[in-house]
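Below: the structure, in structure tokens.
The values are calculated or read from the model by the stated rules, or taken from the named source; none is laboratory data. Worth saying up front: this structure is predicted, and the values here are computed from it rather than measured. Note: ideal-geometry Cβ built from the backbone for every residue, glycine included; neighbour counts use all protein chains shown. Just so you know, the surface numbers come from the protein's heavy atoms only, side chains and all, with ligands and any DNA or RNA stripped out. Shrake-Rupley method; radii C 1.70, N 1.55, O 1.52, S 1.80 Å.
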Amino acid sequence: MSKSVVPGDLVAKGNYRIYSNVIKNDDKFYSIFVGSAEVAGGKVRVTRLSGPYIPKIGDQVIGMITDVQPLAATVDINSYINGFIMANAFYKKRIDPSKRDLSEKVRIGDLLSARVNRIERGRDVSLTLEQKWRVDGDAIFYISPAKAAYLLKSKSNIINKIKAYTGAGIVMGINGLIVAKGEKDSIDKITAVIKAIESQVELYGLEDVLKGVLS
Amino acid sequence: MGNLIVDGKRTDGRGLLDLRPLKLEAGTIKNAAGSSYIEHGKNKIYVAVYGPKDSHRYGTSMEKAVIRCRYHMSPFSTDERKSPAPSRREIEISKVIRDALESSLILDEFPKTLLDIYVEVLQSDGGSRSASITAASVALADAGIPMKDLVEAVAVGKVDGTLVVDLSDKEDKEGEVDLPIAFLLNENMITLLQMDGKMTVEEFKEAVNMAKEAAMKIKEKQKEALGKKYFEKVDEK
């Protein structure tokens, strides 16, 4: 059973050892985000509904190259911080900068699928490439990172249902980027689906809304 | 002087402890990460929050996100045209709004970033700084910035020798004392306290308690505004 909370709302009172997105004040736990609170199994947790993408190790993200240097590329990952990829990830071996240049592999504006590898405080986020890293598409959509995380983690496999309904190839990152590839008809359909996702503000009705659109 | 309170009623018909009509909305500016709009008495104020955004400028910190706040009154917000250049008063209010909000926010998750808060006053009345703080706190919550609690601010004051809550422009100018206070109610903290005029210690204590009562009412409005955006079913347009 989840409860809607805003910052400063009392989520739980008592002795809980595991908690996230709450602040502890004596034995009271207050939410620090607008979101849905759950108290179960000795855990207090708030799933936030708004805010920027906060990178975590292991996250699969979609990024756009914003700068290419001989040995590294800067990637915009739709967050408050940039990502970067070292050149050897593209070549799968050490490379000699006097002979090779990363600009022969990627260009500014290229989209890629990557995984968060290392996070250092105050530094750009280090990324590694996915197996199929190059992402081509006819349209890019941005949805809120909170919704992207919810859709990707949902048990009813919504992404596959959207793919089946629209007939478009879809790649989605947990940072809120969706890249679609397909005919104009498919792109129109996915535009409508994204619009439905954006119009539903609350997370816990999202599946029902999508079922309505996809049926 | 001397005719601001008649038979326990103020010039606009309110009782001593009554707030002016308060309307608060969240998510009014689509381009911003978070935004809000407040109408408090005759005040009409938009607040937009942008960020946190990556920055390598001088002035950023490795410890936390740095807040920049700009309080600005539109040239048409007052009776006579106000020069759009930032005045001494606007610079001061930008600073106190930033300080009042900063202690509520948990910013250490965003090192080397900037957080911009823009406060634009479209129509001004008494207590625009407290209305700005109330609205800015909602805008920050809308932007998903982690915070300990919402901040709510209200001005109390002394008019005709009597303590009153939520001063209007006339009471602010002609009254004896103006005391804007901002609260973090869960933490039992005061994040803004300015005083213009003189009060006894007893009066001051009573004024703070009166402001706290009013802040609780304002907090309900803030929760309502956020709830309306995030938890009410939206009709498909």
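Miscellaneous remarks
- Listing of strands (runs of 3 or more DSSP E) fully contained in region A:1-55 that carry 3 or more residues being charged (D, E, K, R) and touching a residue at least 12 places away in the same chain (Cβ under 8 Å): A:43-48
- Only one of the listed residues (A:ARG107, A:ARG134, A:ARG94, A:ARG118) is over 15 Å from the mean Cα position of the chain (by Cα) and in contact (Cβ under 8 Å) with a residue 60 or more places away in the chain. That residue is A:ARG118.
- A residue that is more than 16 Å from A:LEU129 (Cα to Cα), more than 14 Å from every other protein chain (Cβ to nearest Cβ) and either touching a His at 6+ places or on another chain (Cβ under 9 Å) or open to solvent by less than 70 Å² (accessible area, probe 1.4 Å) (or both) cannot be found anywhere in region A:49-69.
- A:GLY176 fulfils the conditions (1) surrounded by 15 or more Cβ atoms within 10 Å (Cβ to Cβ); (2) assigned by TED's automatic domain parsing to the domain that holds A:LYS92 except for a single criterion, (2).
- Residue within region B:74-91 that is at pLDDT 95 or above, of a type in the set (Gly, Ala, Ser) and closer than 22 Å to A:VAL6 by Cβ present: no
- The residues of region B:31-54 that are within 14 Å of chain A (Cβ to nearest Cβ) and closer than 14 Å to B:ILE67 by Cα, listed by number, are B:VAL49, B:TYR50, B:GLY51, B:PRO52, B:LYS53, B:ASP54.
- Some residue of region A:78-86 being open to solvent by less than 30 Å² (accessible area, probe 1.4 Å), aromatic (Phe, Trp, Tyr) and either modelled with pLDDT under 90 or not assigned by TED's automatic domain parsing to the domain that holds A:LEU151 (or both): yes
- Test result for B:LEU122, farther than 26 Å from B:TYR58 by Cα and out of contact with any strand residue (DSSP E or B) (no Cβ under 8 Å at 6 or more places or on another chain): no
- Selection within region A:2-34 - of a type in the set (Ser, Thr, Tyr) and at the interface with chain B (Cβ under 7 Å from one of its Cβ atoms): A:SER4, A:TYR30
- Filtering region B:36-77 to residues that are under 26 Å from B:ARG88 (Cβ atoms) and charged (D, E, K, R) leaves B:LYS42, B:LYS44, B:ARG57, B:ARG68, B:ARG70.
- Test: residue in region A:176-189 that is within 23 Å of A:TRP133 (Cβ to Cβ), in contact (Cβ under 8 Å) with a residue 40 or more places away in the chain and within 14 Å of chain B (Cβ to nearest Cβ): yes
- Residue satisfying condition, being small (Gly, Ala, Ser) and within 14 Å of another protein chain (Cβ to nearest Cβ), within set B:ALA135, B:ALA141: B:ALA141
- Candidates A:VAL209, A:VAL171, A:VAL193 - the one that is open to solvent by 10 Å² or more (accessible area, probe 1.4 Å) and within 14 Å of chain B (Cβ to nearest Cβ): A:VAL209
- Residue within region B:123-132 that is on the phi > 0 side of the Ramachandran plot and surrounded by 24 or more Cβ atoms within 10 Å (Cβ to Cβ) present: yes
- All positions within region A:87-128 that are within 14 Å of chain B (Cβ to nearest Cβ) and surrounded by 14 or more Cβ atoms within 10 Å (Cβ to Cβ): A:ILE119, A:ASP124, A:VAL125
- Residue count for region B:108-129, restricted to those that are in a loop (DSSP other than H, G, I, E, B) and out of contact with any helix residue (DSSP H, G or I) (no Cβ under 6 Å at 6 or more places or on another chain): 7
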